[in-house]
1. Going Cα to Cα from B:K262, which aspartates and glutamates come in below 16 Å? Please leave out same-chain ones fewer than 8 positions away.
2. Find every distance from the label point of B:K43 to the corresponding label point in the other copies (7 Å from Cα along Cα→Cβ) and write them in nm, one decimal, shortest first.
3. Take the alpha carbon atoms of region C:258-272, find their center, do the same for region B:201-258, and report the distance between the two centers in whole angstrom.
4. Search the structure for amide H atoms under 5 Å from the amide H of A:A22, placed 1.01 Å from N in the peptide plane, and list their residues when 5 or more places away or on another chain.
5. Scan around D:L34 for amide H atoms under 5 Å from its own, H built in the peptide plane at 1.01 Å from N, and keep only partners 5 or more places away or cross-chain.
6. Any of D:K230/D:K280; C:K75/C:K230; A:K195/A:K284; A:K284/B:K181; A:K284/B:K280; A:K147/A:K315 with alpha carbons more than 22 Å apart? Name them for me.
7. Evaluate the relative contact order of chain C (contact order divided by residue number), counting alpha-carbon pairs under 8 angstrom at least 6 apart; express in whole percent.
8. Between copies, how far does the label point of A:K294 sit from its twins, in nm, shortest first, when each point is 7 Å from Cα along Cα→Cβ?
There are 4 protein chains.
Amino acid sequence: MSGNSFGQLFRVTTFGESHGEALGVIIDGMPAGLTVNLDDLKKELLRRAPGQHAVHTSRKEDDVPEILSGVFEGKTLGTPITVIVRNTNQRSADYEPLKDSYRPGHADKTTMMKYGYRDHRGGGRASGRETLARVIGGYFAGLILPKASFYAYIEQVGQFKLSSKPADHSVSRGEINIPEKKMSDEVIAFLSECKTKGESAGGIVALSIQGSPTGLGEPVFDKLKADFAKAMLSLPACIGMSVGDGFELALKPGSEISKDSKNFAGMEGGISNGEEIVLKLAFKAPSTIGDKAKAGRHDPCILPRVVPVVEAMAKIVMADHYLRQAAYSSFLP
Amino acid sequence: MSGNSFGQLFRVTTFGESHGEALGVIIDGMPAGLTVNLDDLKKELLRRAPGQHAVHTSRKEDDVPEILSGVFEGKTLGTPITVIVRNTNQRSADYEPLKDSYRPGHADKTTMMKYGYRDHRGGGRASGRETLARVIGGYFAGLILPKASFYAYIEQVGQFKLSSKPADHSVSRGEINIPEKKMSDEVIAFLSECKTKGESAGGIVALSIQGSPTGLGEPVFDKLKADFAKAMLSLPACIGMSVGDGFELALKPGSEISKDSKNFAGMEGGISNGEEIVLKLAFKAPSTIGDKAKAGRHDPCILPRVVPVVEAMAKIVMADHYLRQAAYSSFLP
Amino acid sequence: MSGNSFGQLFRVTTFGESHGEALGVIIDGMPAGLTVNLDDLKKELLRRAPGQHAVHTSRKEDDVPEILSGVFEGKTLGTPITVIVRNTNQRSADYEPLKDSYRPGHADKTTMMKYGYRDHRGGGRASGRETLARVIGGYFAGLILPKASFYAYIEQVGQFKLSSKPADHSVSRGEINIPEKKMSDEVIAFLSECKTKGESAGGIVALSIQGSPTGLGEPVFDKLKADFAKAMLSLPACIGMSVGDGFELALKPGSEISKDSKNFAGMEGGISNGEEIVLKLAFKAPSTIGDKAKAGRHDPCILPRVVPVVEAMAKIVMADHYLRQAAYSSFLP
Amino acid sequence: MSGNSFGQLFRVTTFGESHGEALGVIIDGMPAGLTVNLDDLKKELLRRAPGQHAVHTSRKEDDVPEILSGVFEGKTLGTPITVIVRNTNQRSADYEPLKDSYRPGHADKTTMMKYGYRDHRGGGRASGRETLARVIGGYFAGLILPKASFYAYIEQVGQFKLSSKPADHSVSRGEINIPEKKMSDEVIAFLSECKTKGESAGGIVALSIQGSPTGLGEPVFDKLKADFAKAMLSLPACIGMSVGDGFELALKPGSEISKDSKNFAGMEGGISNGEEIVLKLAFKAPSTIGDKAKAGRHDPCILPRVVPVVEAMAKIVMADHYLRQAAYSSFLP
């Protein structure tokens, strides 16, 4: 019941159940006259798509985006942009046994508590599949912020950790969004093993934003960090967000923090200062384990596929704040 | 420019600069007929007030709440409740030297980037003083949730850490909201030393909610955890939130997580399941250090005073979702 | 740029240009478990469809609704309901000459002022065709209000006027939504003549709502009459709304008004009192006249087709306020 | 319960019951750096104040505005502006007999239906006194639109009608906002007689806006005319709004309407075209008649005092749409 929209001026509304006819998104508040490149959009969707790598779910989804409104002769009209993706590979039968069983850690039980009725064939709206609509939203948000660069990557999976932060946004993120060959190889091997054993893994994703405009975010409830937090914690398995190394930084004395402006991670008083913005995100291991997981139609680890979704959500947050700030630009001295 | 409201049905709007005439809050969406106890409200404000303990700022603020609307003969009217608190102890002169200097880690510089104009006498809206308005909002939110119990406490300050989680909500939180005598004494000594040296400290606050209604939160963007995240990261020095032990839990295998439903921390699919909700929050050390800090009108550590604010924000989030869910209760089978 | 949503808890978002791929609607905030009857929905769409009567545009639109989300096994899921209708009969070529000409009284010129870019093939979002999405929204809104009856009808076209108010909601509204045979025949003849001459006509639509719940509407900005006014004036050619006989009633002395509670038209202080709600709506004659109108693909008068749209908007307003009020029902004494 | 805010970017929230401690308003979304002239604000309040003319209520209200936040050294800070006005002349005893009687046409009965509890001493939030908060909001909205001129006036009271539209905005509106000496004198005499007899009167107010920016309003639900309609119908006794001469224009053939662009009243497709905007508003006679009215503490006709409120609401609508449009100005070709 409601809660399917995000943003105020740049407003993304997603719809569609994982096993319904189609998923999609409406983007309301898009400026007119911006050039839409369907290939770029498809590329973003492919980054999130399942079945792109052996460590992922074996489900193949042919996620073909169809633009229903808001674009005319390759340019945005300023009217709501609607993009849908048909569900073509639902195989509902696979899920039939789930009809009366609630998977722990999923929305199954709480959906019944809340609505008293559900589509038992899958996660419904709570499914990770919903995030493809966010990736579409993120593509359009990015058009509003041509100078900003968004770069997310896996920092840690289980006990495997990057040895250092990537030098810049041009560093290749390899096959599964880990920007270090050694760790990437190790994690691929580890996840293959997980898949065989019916085990699952979680970890930490980092996001770096460079070229952010200054002055984004509002001083009280709509701080930039607060809207990032809402955006990220709205992702299915996300169980934590920090500004920079938040939980470690919190333990350091003020004298040490103030030595380096990097510790503010691009935001002071909740408002962007133009420096690099850094967020860290914790994602838990998928709850589907054991025999069900072995069946192969689930990811043993969602982090590789969540990276483009994290970037999309960050773009949506910043596009919204960019427009909110732009409304006042003519009043600046 | 905007962003001073939180919530949809239960909607809190705060106003007032730290050195202006008054701070206050409007609570729109309050049910009618609920009994208001002004003493209880004052008690909550006192928990947040400065000058209550030697380790705090020496500023004394006589935070006297005045109810301007929405309450009649001791009961809520269902109309917007407005409560103001006059600023009586601003001593603006103390801040005069700050006119042209921007304190690092504060909103000073970014406020100028954003607005081109500011009240240099203090943090303005970004000041921690704004949070007293949230405490007032939280008091009224609590009236909507009589069966839920909110209990926040300090888990860690710098290197000092609780040895175990408090058994239940009846455990005394001592002088500075640390529910363990030994740690409390150590932290008091440590913070006194910080004060003398012009040093500051941060740490981790934990929040436990018991007796939560089920079905709160929406399955996509307005997940309960997402709205908690926005609420908490909107607090001035908050630089991280996790659901339960999010960043540690993220590193554990799925098989281990699924062993204990406590690992879901009261929410599945972003919706409350009625079990204990647990959040962890990282707060950084105040940026004011050195000679300015020694002057004594700043807290060396905000955690003791942030505890009631964390509870207030949680109450506001849950009251809002409670009403949102109640709108549909008549349709439940 | 934005503004494509209506409602707070029951929230309708429409999308699609008149000459784009498809039009559609997302309904967010629908309760779960309600039975959806696709035939009923199609019947409502047919009431609005062009080409149903000789006095209408000769354009035929095969408005086939496709439900993409939110309904499972014939029942609402509580998730966003998305319904699209493909555009099949655009004949863009007809509109090619309009590329550089702005039709007076249309949004052509103001769209360029606002966006600097437009789809010249038709009215885009400002087209009357957008209202089919509202009719779909209204169908679902009606499911929330099973006891309320909505009955709109034409009261006046040009100089032709009903001799009396229809006795009740069971009175047949004839071929073109005029509940009086004589006037209906006269108007049909008059509009046929208009069509031949390239002339157009406007008039007055009345709406009666019976069985309204009490207590709907909020006492200040969101008065029920205010939200009706916004809903109705958001219709393309609507240039006036009154509560009951507003403009005539305004000229009468208070002593006369207070004689009959019918003069309050079902709302006191902006809140429904359970009695019959009556609204009057002024629609202007279409701006397309002369040779363009003679070409036959425009309505000489939109009132016959606007009647179901008026009912739909009223249902949407009331469903939203119904849910808003329901959120507080458990607190009522 | 809720509904006390108006506007999206320029957002006005009013609070306060007619017989509570204070009334007031928060204006969120104000640009920074604009000069505030307290005398101008007081002048606007005085135009709305009771007791300014013999034909008004004999209640005198010393409406002294106090700015609590958002203004520093005479300039707006970009933070929420809060202004309160204390209630000093409530004389609640006058209303004691009303405790258990519901005045027809007032919100008394519907308030009980909705909330089950009320402040019987007056109209509460539904009181006309709430509109002083709107006048304050309108003053600040006006600062955003320095080039637009808002001019409302009484066009008709009962059977007394202006002989012609005032030539321009410089025409004096006389003692009671009637810009024609003859009609003004007649109405003053008529209303004095009403007062003596315990009778009341309604009528029509016209609003002219010159110098409107172009491109204000959104093409679908948030048409400029739709937001004007919501704003105006949210006024206590307003029972109708038309764009220009809506109800009369609706009866004219399209060929006649299209002869003069004035018939579009400054809006095409719901978006401002830069020409004069004209609205007409119907206000009903106050429901308080007979002996209660003779007691003298009620207005026999609210139109003279409603004129500045109508202007204020129009300014609020336009300031909001101005900022919404400004958010996109950098994308215009």
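Any read-out appearing in this document is the output of simple, stated calculations on the displayed coordinates, not a laboratory observation. Remember, predicted model here, so these are calculated numbers, not experimental data. Backbone-built Cβ (ideal geometry, glycine too); neighbour counts: all protein chains shown.
1. B:D168, B:D245, B:E248, B:E275, B:E276
2. Label-point distances to the other copies, shortest first: 5.2, 6.0, 6.1 nm.
3. Cα centroid of region C:258-272 versus Cα centroid of region B:201-258: 49 Å apart.
4. A:E17, A:N87
5. Close amide H contacts, sequence-distant or interchain: D:T76.
6. Values: D:K230/D:K280 13 Å; C:K75/C:K230 30 Å; A:K195/A:K284 16 Å; A:K284/B:K181 34 Å; A:K284/B:K280 15 Å; A:K147/A:K315 12 Å.
From the list (D:K230/D:K280; C:K75/C:K230; A:K195/A:K284; A:K284/B:K181; A:K284/B:K280; A:K147/A:K315), the Cα-Cα distance tops 22 Å for C:K75/C:K230; A:K284/B:K181.
7. On the way: 638 pairs, mean separation 74.3, N = 333.
About 22 percent, as a whole number.
8. Result, one decimal in nm: 6.9, 8.1, 9.5.
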